[in-house]
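Contents: one structure, followed by commentary.
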Amino acid sequence: MAPVKIANTSTSTGDRHHEAEMPMFGLGVYLMGDPGECKSSVLYALEQGYRLIDTAMAYGNEHEVGEAIRESGLPREDLFIVTKLRTPHATGYENTIQRCQESLENLGLDQMDLYLVHSPPKDPDARASVWQGMEACLSNGWTRSIGVSNYGAHHLDAMLSYADVMPSVNQIEVNPWLQRPALRAATEGVGATVMAYSPLARGHKISERGITEIADSLGCTPAQAAIKWCLDAGAVTIPKSSNPARISENLAALEVDLSGTEEAFAALEESYVSGWDPTSEP
Ligand SMILES: NC(=O)c1ccc[n+]([C@@H]2O[C@H](COP(=O)([O-])OP(=O)(O)OC[C@H]3O[C@@H](n4cnc5c(N)ncnc54)[C@H](OP(=O)(O)O)[C@@H]3O)[C@@H](O)[C@H]2O)c1
């Protein structure tokens with residue numbers, strides 16, 4: 001699947017800056033807390049052909065992602081590494097630039113590919129200065145691109161008044177049970193690409209009849225059907241697995257053809273939130 005071109009769009013001129021090619025598919029590494037679990041999962045995924053890794057300072061495993069990158073022997077420019085500014089650290093400009101450097105140290109990298117604000121900073125008055133810190137990380141070359149995560153349409157809208165550049169990405173929960181057409185459209189409306197986290201709704205839904213019937217009709221697994229639905233919706237998709245067979249199974253979702261299942265997928269929508277949902281915060 002061809003990579004997507006992401007960019008940070010200028011609020012004053014509408015020009016696209018800091019364009020970068022981002023793979024449409026990658027590995028999420030949340031809840032890989034056992035020592036070595038994240039490193040071995042990332043190494044296996046890279047061997048299988050994954051090129052995008054989504055971590056966060058909050059996951060406590062940036063250093064293992066870095067170790068896996070180095071051990072893989074893959075050229076750095078072939079990889080796309082995403083990490084995030086922790087919500088409790090999203091208090092202002094100084095904290096933002098300091099934590100970005102800390103993440104780079106943890107990863108053992110000079111530059112990350114995408115740095116995200118993990119969720120809207122709790123203090124609405126801090127949102128502008130946090131984003132100015134993100135913009136400084138971008139202009140300092142510490143990251144190739146900056147974005148947000150868990151921003152609702154109203155959070156994105158507010159950015160138009162304080163941002164020099166808009167986010168290149170909004171990482172939100174999207175899957176067949178939480179399809180979010182309005183938030184996806186609002187994200188694309190500000191020039192950002194949707195990144196779908198929890199594409200399997202954390203595994204909560206993939207044994208249910210609706211998705212198993214679709215998968216049976218296609219001759220694929222339920223997880224593959226859910227992942228391909230997210231990709232076909234235009235979202236960069238990052239399922240987590242620390243099980244080698246599932247890491248391979250999830251990658252093979254790229255080959256699945258969902259033709260003829262549009263109505264069956266539409267019927268799965270149930271506004272199901274599998275984890276948290278800061279998009280609705282004020
Ligand atoms: N920005 C945010 O706030 C945010 C929030 C949540 C997640 N994320 C990111 O998105 C990534 C993915 O989301 P997620 O980890 O919440 O959930 P997910 O990818 O929807 O689901 C992961 C769960 O599904 C299981 N699984 C994986 N592949 C499977 C398969 N083929 N068949 C059956 N079960 C399978 C995994 O178990 P095994 O490991 O045992 O296979 C795990 O329990 C995270 O790792 C993280 O990088 C971001």
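The values are calculated or read from the model by the stated rules, or taken from the named source; none is laboratory data. Small disclaimer: the values here were computed from a predicted structure and weren't measured. We place every Cβ from the backbone using ideal geometry, glycine too, and count neighbours over all the protein chains shown. Keep in mind that these areas ignore ligands, DNA and RNA; they rest on the heavy atoms of the full protein, side chains included. Shrake-Rupley method; radii C 1.70, N 1.55, O 1.52, S 1.80 Å.
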Residue-level accessible surface for Arg70, protein heavy atoms, 1.4 Å, Å²: 130
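Taking only protein heavy atoms into account and a 1.4 Å probe, give the accessible area per residue of the chain in Å².
With all protein chains present, the chain gives 41 Å² per residue.
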Length gained, Glu21-Ser259, 0.36 nm per residue minus C-alpha separation, equals 83.0 nm
Tell me, what is the percent relative contact order of the chain, built from C-alpha pairs under 8 Å that lie six or more residues apart? 19
Lysine pairs in the chain with Cα distance under 26 Å, only those 8 or more apart or on different chains: how many are there? 12
Return the sequence-ordered ³J(HN,Hα) values of region 51-58 in whole Hz as given by the Karplus equation 6.51 cos²θ - 1.76 cosθ + 1.60 applied to θ = phi - 60°, using x for Gly and Pro. 10, 10, 10, 10, 10, 6, 4, 5
Which value, in Å² rounded to 10, gives the accessible area of Ile6 with a 1.4 Å probe and all protein chains present? 0
Hey, what do the phi angles of region 272-279 turn into as Karplus ³J(HN,Hα) couplings, whole Hz, using 6.51/-1.76/1.60 and θ = phi - 60°, x for Gly and Pro? 8, 9, 7, x, 10, 9, x, 4
So what is the calculated 222 nm ellipticity per residue for the chain, using -39500 (n - 2.57) for each DSSP H run with n of 4 or more, over all residues, to the nearest 500 deg cm²/dmol? -11000 deg cm²/dmol
For region 1-160, what relative contact order do you get, as a whole percent, if you take Cα pairs closer than 8 Å and at least 6 residues apart? 19
With a ≥ b ≥ c the root eigenvalues of the C-alpha gyration tensor of region 4-280, is it rounded (a/c under 1.5), prolate (a/b larger than b/c) or oblate? oblate
For the chain, set up a Gaussian network in which alpha carbons nearer than 10 Å are linked by springs, and say which option among Arg127, Arg16, Arg86 fluctuates the most. Arg16
Return the carbon/sulfur percentage of the accessible area of region 4-280, one whole number, probe 1.4 Å, all protein chains in place. 47
Estimated dipole of the chain in Debye, rounded to 20 [Cβ of Lys and Arg +1, of Asp and Glu -1, Cα centre]: 180
As an exercise, use a Förster radius of 35 Å and the Cβ-Cβ distance of Ala185 and Gln101 to find the FRET efficiency, rounded to the nearest 0.05. 0.50
Could you tell me the accessible area of Glu249 in Å² (1.4 Å probe, neighbours in place), rounded to the nearest ten? 50
For Glu47 and Thr212, compute 0.36 nm times the residue count separating them, minus their Cα-Cα distance, and round to one decimal in nm. 56.5 nm
